[in-house]
Structures are given as structure tokens and as C-alpha cells.
Amino acid sequence: MFKRLDPGSATLQISFEGEPLQARPGDSVAAVLLAQGVSTFRQTPVSGAPRAAYCMMGVCFDCLVEIDGVPNRQACLTEAADGMRIRRQIGVRGMA
């Protein structure tokens with residue numbers, strides 16, 4: 001669905017749901033996940049409907065994920081970092 005215009009070389013290693021992914025410095029977490037074909041970042045608390053990045057500028061909160069054990073992180077506003085561990089956020093957001 002999404003692909004890079006300039007594939008370049010990835011130098012960062014991150015993981016999503018335990019699967020290793022490669023990223024480039026400056027990539028947002030959302031951009032990395034979308035480029036790898038990830039179509040569900042979280043599930044809504046009431047219906048369990050799948051959600052993914054929508055606005056890509058931090059307004060809609062559909063891209064919430066858990067990063068390194070911290071929930072409610074906006075994937076579109078978070079820059080990928082080497083060794084980052086990302087998981088889907090399922091259900092109600094905690095009040096952290």
C-alpha cells in the first residue's frame with residue numbers, strides 16, 4: 001500500500017509485536033509501520049475496531065501504540081530510535 005520513493009538504506013533496528021523491522025534516522029514510527037504493511041496500530045475500546053495512522057500530524061490519536069512499555073504514544077509524532085520495541089495498543093488507554 002505505502003512504499004518509499006527513495007528506498008535508501010536503513011540503519012536502525014526496531015521491533016513491532018516482536019518482529020524485527022528496519023528504519024532510517026528521521027522516520028516516524030507510523031511511517032516505518034505503514035511502509036512495512038502494518039494496517040492496524042490499535043483497537044478501539046468499545047467495538048474493537050482496528051485503527052491506524054490517519055492524519056499523520058498528531059490530531060486524531062488513531063495511531064496510539066505502546067513504545068518500550070509506555071502506552072498512549074502517538075506513532076506519527078514519535079521518531080524511530082534504534083532498539084525501540086513497539087506493540088499494538090488494545091482497548092482502553094490507561095491514564096499514565
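The values are calculated or read from the model by the stated rules, or taken from the named source; none is laboratory data. Keep in mind that what you see is a predicted model, and the values were worked out from it rather than measured. Here the Cβ positions follow ideal geometry from the backbone for every residue, glycine too, while neighbour counts run over all protein chains shown.
For this structure, a couple of remarks:
- Counted residues, the stretch 1-22 - those being part of a strand (DSSP E or B) and of a type outside the set (Phe, Trp, Tyr): 8
- The lone exception for residue 25 - which of (1) in a helix (DSSP H, G or I); (2) over 22 Å from residue 92 (Cβ atoms); (3) not aromatic (Phe, Trp, Tyr) it fails: (1)
- Summed over the stretch 45-96, residues that are touching a helix residue (DSSP H, G or I) at 6+ places or on another chain (Cβ under 6 Å) and either surrounded by fewer than 17 Cβ atoms within 10 Å (Cβ to Cβ) or farther than 13 Å from residue 30 by Cα (or both) total 0.
- Some residue of the stretch 19-38 being farther than 18 Å from residue 2 by Cβ, at pLDDT 95 or above and surrounded by fewer than 19 Cβ atoms within 10 Å (Cβ to Cβ): yes
- The number of residues in the stretch 4-18 being modelled with pLDDT of 95 or more and either under 14 Å from residue 87 (Cβ atoms) or over 15 Å from the mean Cα position of the chain (by Cα) (or both) comes to 5.
- Filtered residue count, the stretch 64-96, keeping only those that are among the hydrophobic types (A, V, I, L, M, F, W, C), modelled with pLDDT of 95 or more and part of a loop (DSSP other than H, G, I, E, B): 6
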